[in-house]
C-alpha cells in the first residue's frame, strides 16, 4: 500500500529552518501501527495523519505521533497540517484573502483555528489552545537541583524568583525559567535525569527559557528536551508556547506587560540546533488571571512523495 506525504517547516517563513513535519493528508486505510511505524521511520519530533472528522462540521481529524507514541495533539503539527491541507485545497479552497476560522478534531476533541490567507495562500495559522491547567510550583531546593542537573546547568542558573512549574493547555510541560539567555544556550541534556523527572512529574518534557531583552521587544529564548517522547530536543514547541504564556501570566511576569486584557510576546526557539523558529503568543486574561491562550506561526512546504507501508 502506498500513501502520499507532504513535509513542511513550521514556525518559520524560510525553508530549512523551523520545525520539520511530515503530514499524510489522507490516512484512510492506515492502522495505528502503520502510523507509528511511519513516525518512527521519519524520526521528526512529530508526524501527523489526517482522517475524516467524526463531526461533519469540522474540517478533519488530526492524529499526532512522536517517534515512540501517539499524543493528543501538538502545536507545530497543528499549524503545519493546516498549511498543508490548505495548499492541497482541502480547507479554505476558493476563499478570499483574510482570516478564515475552521475547527479540527484532535485527541482531546475540537480545536479552533484561524487560517490567515494572503496572496491566495494560507501560510500562517493561529490556534486557540485548550483551557489552561497548572500545578503548584516546585519550590524545594532538592527538586530544583534535580531539574538543573537534568538540563545541565548549575543551580544558580535557575531564575532567582520564578520557580519551575508544570503547566499545560493539552500537553503538560515543566516550565523552567533561567536567569539568562546564555544559560539557555549552554544547557546540555542529561537523558537519564530527564526521563526520571518526566515520569515523576508526569510531564511531556522540560521547556526552559529566559527573557531576551536584546532589541527591546518582548521575547523569550527557549529550548525543550523530551527524551521520553523520543525527542531529544525540539526546534519549536507550539504546545509549550501557550503554557509558558500562562505560566508568566500566573507570576505577573509577561514580557511587555498587559494591554487590553492581553499579553503578547514572541518565542525564539531552535537557535542552538541551527533551526531558528518564531512562535507568537497571545495570553487572554480575566481579572488578571490567564483564561486562554493563542499561538500563531507560519509554515513553508518542503517535500512531497510516497511511502510504502
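Derivation of every value follows stated rules applied to the coordinates shown; laboratory data play no part. Being a predicted model, the structure only gives us computed values, none of them experimental. Backbone-built Cβ (ideal geometry, glycine too); neighbour counts: all protein chains shown.
Full extension of the chain between residue 58 and residue 131 gives 24.3 nm of extra length, using 0.36 nm per residue less the Cα-Cα distance.
Let me make sure I get this right: for the stretch 234-288, a, b and c are the square roots of the gyration tensor eigenvalues over alpha carbons, sorted descending. Under 1.5 in a/c it's rounded, otherwise prolate if a/b > b/c, else oblate. Which is it?
Working: a/c = 2.81, a/b = 2.41, b/c = 1.16.
Taking the square roots of the gyration eigenvalues as a ≥ b ≥ c, the stretch 234-288 is prolate.
Between residue 99 and residue 155, what length in nm is gained on full extension when 0.36 nm per residue of separation is reduced by their alpha carbon distance? Display every interim value, and only then the final one.
Working: separation 56, 0.36 × 56 = 20.16 nm, distance 4.54 nm.
Gain in length upon complete extension: 15.6 nm.
Between 28, 275, 221, the GNM of the chain built on Cα springs shorter than 10 angstrom shows 28 fluctuating the most. Per the Cα gyration tensor, the chain maps to an equivalent ellipsoid with semi-axes of 31, 22, 17 Å, ordered largest to smallest. Spin-label model, residue 33/residue 308: points 7 Å from Cα along the beta carbon direction are separated by 1.9 nm.
May I ask you to order 284-296, 133-145 by the average number of other C-beta atoms within 10 Å around their residues, highest value first?
Numbers: 284-296: 17.2, 133-145: 13.2.
Packing proxy ranking, top to bottom: 284-296, 133-145.
Is the shape of the stretch 13-86 best called rounded, prolate or oblate, per the rule: a/c under 1.5 gives rounded, else a/b larger than b/c gives prolate, else oblate, with a ≥ b ≥ c the square roots of the Cα gyration tensor eigenvalues?
Working: a/c = 1.91, a/b = 1.13, b/c = 1.68.
Judged from the Cα gyration tensor, the stretch 13-86 comes out oblate (a/c at least 1.5, b/c at or above a/b).
The protection proxy used here, the mean number of other Cβ atoms lying within 10 Å of each residue, ranks peptides 242-252, 257-267 as follows, highest first: 242-252, 257-267.
Please work out the FRET efficiency for the pair residue 16 and residue 185, using the Cβ-Cβ distance as r and a Förster radius of 25 Å; give the result to the nearest 0.05. List each step's numbers first, then the result.
Working: r = 21 Å, r/R0 = 0.83.
So the FRET efficiency works out to roughly 0.75.
Between residue 202 and residue 214, the simple label model (points 7 Å from Cα in the Cβ direction) yields a spacing of 4.0 nm.
Between 298, 239, 161, the residue with the greatest mean-square fluctuation in the GNM of the chain (Cα pairs under 10 Å linked by springs) is 161.
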